[in-house]
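Trainee: Before anything else, here's the structure in question.
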């Protein structure tokens with residue numbers, strides 16, 4: 001037990017403008033969401049509806065639901081998801097910044113994609129079922145969780161940004177995340193029928209032309225990246241140039 | 001409860017719900033008017049295709065039938081766990097589905113969920129748990145993850161988990177625990193059509209699950225902590 005239950009919350013100024021923020025501690029039970037952890041996030045988002053900050057920043061580093069509090073944990077994740085969408089619907093940008101060692105998995109991987117913007121470092125990972133869970137439930141024939149290169153091709157920041165699941169790839173530094181957050185602060189994705197129909201079409205396109213790909217490398221090739229095997233080695237700036245024509249920005 | 005008898009009990013006045021694989025889609029007739037029905041059956045795991053199909057249906061109802069209430073029928077073991085689904089970004093498809101249900105609620109569609117089989121993990125988060133109110137029929141099984149899978153992931157022996165879950169409402173899968181924790185509003189008893197009619201009389205509103213968990217004594221920290229952090233003090237405090 002830790003007094004903060006694995007997440008700190010607070011207020012601050014970014015670019016001189018008031019923001020609310022939360023940061024998960026991946027070293028405490030894998031940043032997993034239990035009753036109190038989730039309630040702190042939900043409370044912060046409720047506060048945003050009252051105070052109307054310039055943005056809410058969620059620094060996510062989590063394996064998802066805290067299995068020790070299983071049922072209370074999944075309900076807490078659902079309450080966070082609903083609260084994120086309520087803040088977005090009020091026109092206040094919610095940013096997910098994923099740069100920790102755990103990445104962002106389980107139900108929190110869905111929460112990240114309910115935010116306006118997702119920023120990732122190359123080393124960060126995002127998804128729903130993580131490599132260990134898939135290997136444990138489906139067997140090593142489905143996936144070998146010890147294959148680190150494959151893990152990064154599947155869940156890593158570069159793949160996520162190429163798909164458009166994340167909006168921006170940044171260097172693994174606080175300065176880079178701060179700058180990305182500053183830029184994204186003014187951007188909202190309205191929850192309207194027109195906007196969600198555009199997202200529907202964007203996802204349908206992905207299923208249509210990348211749906212046959214069971215590996216990141218195949219997907220990059222199918223998306224039109226020239227010599228995709230070099231992508232994992234490129235620094236963000238070079239990587240951005242290499243995938244410029246193949247990236248599928250979320251509408 | 002198998003699907004045909006369930007639909008007959010819910011809609012004695014008739015329904016036009018068709019089954020496409022493990023997807024249920026259509027309309028049901030109630031004394032209050034037509035209801036959009038969107039459901040899952042046979043415990044199907046939701047992968048990228050099904051998530052997108054569900055989202056398309058929610059958007060279609062919002063576009064073509066403004067304000068029509070939506071009933072989601074939940075029977076799903078969770079998200080499909082595969083490398084391909086992860087490569088394609090299943091979390092994003094589920095986030096989109098959740099956003100579509102949120103849009104429907106905000107456009108004035110009352111969204112109800114009825115768990116008639118299993119409800120678990122990713123698919124429950126993105127569909128059933130996005131409803132204004134979640135109900136269940138007797139015998140429904142709600143969990144985060146089934147115990148054999150949890151045992152594999154946590155490396156805790158299955159027998160140990162079974163023993164632990166007998167004594168803990170927080171850990172044990174099961175309908176009664178989700179009622180106590182405030183997630184499931186009520187368990188519907190026959191006649192189901194009457195329970196549906198009563199539920200349809202409610203209006204869309206904010207998330208009341210934490211408050212419900214507090215009232216029922218199953219989840220006593222969520223609401224006080226969230227309220228304290230939110231800085232919003234209500235009457236009587």
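Trainee: How much FRET efficiency would the formula 1/(1 + (r/R0)^6) give for residue A:240 and residue A:201, where r is the Cβ-Cβ distance and R0 is 22 Å, rounded to 0.05?
Mentor: E between residue A:240 and residue A:201, to the nearest 0.05, is 0.35.
Trainee: Across chain B, how large is the tail of the calculated P(r) beyond 33 Å, expressed as a percent of all Cα pairs? Please report the intermediate quantities before stating the final value.
Mentor: Working: 5051 of 27966 pairs.
Result for the distance tail: 18 percent.
Trainee: How large is the Kirkwood hydrodynamic radius of chain A, in angstrom, based on all distinct alpha carbon pairs? Don't skip to the end; give the middle numbers.
Mentor: Details: mean 1/r = 0.0540 Å⁻¹.
The Cα-based Kirkwood calculation yields 18.5 Å.
Trainee: Using only Cα atoms and rounding to the nearest 10 degrees, what angle (0 to 90) does helix A:193-210 make with the longest principal axis of chain A?
Mentor: 30 degrees
Trainee: Taking every residue in B:135-148, how many Cβ atoms of other protein chains lie within 10 Å of its Cβ, on average?
Mentor: Across B:135-148, the average partner-chain Cβ count within 10 Å equals 2.
Trainee: When the expected Rg is taken as 2.2 N^0.38 Å, what fraction or multiple of it is the alpha-carbon Rg of region B:7-87? All intermediate terms of the calculation are to be shown ahead of the outcome.
Mentor: Working: Rg = 13.9 Å, N = 81, 2.2 N^0.38 = 11.7 Å.
It is 1.19.
Trainee: Same structure again: Using the Cα atoms of region B:127-237 to build a convex hull, what is its mean projected area in square nanometres? Mind showing how you got there, number by number?
Mentor: Numbers: hull surface 36.9 nm².
For the Cα atoms of region B:127-237, the hull's average projected area reads 9.2 nm².
Trainee: State, to one decimal in nm, how far the label point of residue B:138 lies from the label point of residue A:8, with both points 7 Å from Cα in the Cβ direction.
Mentor: 5.2 nm
Trainee: Between helix A:174-184 and chain A, what is the angle of the helix's C-alpha long axis to the longest principal axis, kept within 0 to 90° and rounded to the nearest 10?
Mentor: 80 degrees
Trainee: Return the distance in nm (one decimal) between the two label points of a simple spin-label model at residue A:233 and residue A:52, each offset 7 Å from Cα along Cα→Cβ.
Mentor: Reported label-point gap for residue A:233 and residue A:52 is 5.3 nm.
Trainee: Any idea how far the Cα center of region B:141-191 sits from the one of region A:1-79, in Å?
Mentor: Between the Cα centre of region B:141-191 and that of region A:1-79, the gap is 24 Å.
Trainee: Using only alpha carbon positions, build the gyration tensor of region B:84-155, then give the equivalent ellipsoid semi-axes as the square roots of 5 times its eigenvalues, largest first, whole angstrom.
Mentor: Output for region B:84-155: semi-axes of 24, 19, 7 Å.
Trainee: Calculated from DSSP H runs of 4 or more alone, at -39500 (n - 2.57) each and per residue, what is the 222 nm mean residue ellipticity of chain B, nearest 500? Let's see the in-between values first.
Mentor: Numbers: 11 runs with 102 residues, N = 237.
Helix contribution divided over all residues of chain B: -12500 deg cm²/dmol.
Trainee: Same structure, new question: Evaluate 2.2 N^0.38 Å with N set to the residue count of the protein assembly as shown, then give the Cα radius of gyration divided by it. It would help to have the intermediate numbers written out before the result.
Mentor: Values: Rg = 21.3 Å, N = 488, 2.2 N^0.38 = 23.1 Å.
With N residues counted in the protein assembly as shown, Rg over 2.2 N^0.38 Å equals 0.92.
Trainee: Could you work out the mean count of beta carbons from other protein chains within 10 Å of each residue's beta carbon in B:202-208? Mind showing how you got there, number by number?
Mentor: Numbers: counts 0, 0, 0, 0, 5, 8, 0.
Partner Cβ neighbours, averaged per residue: 2.
Trainee: Can you grab the distance from the C-alpha centre of region A:121-192 to the C-alpha centre of region B:90-140, Å, no decimals?
Mentor: That distance is 25 Å.
Every read-out reported here was derived from the displayed coordinates using simple, explicitly stated rules and does not represent laboratory data. Note that this is a predicted model, so its numbers are computed, not measured. Virtual Cβ from ideal backbone geometry, glycine too; neighbours counted across all protein chains shown.
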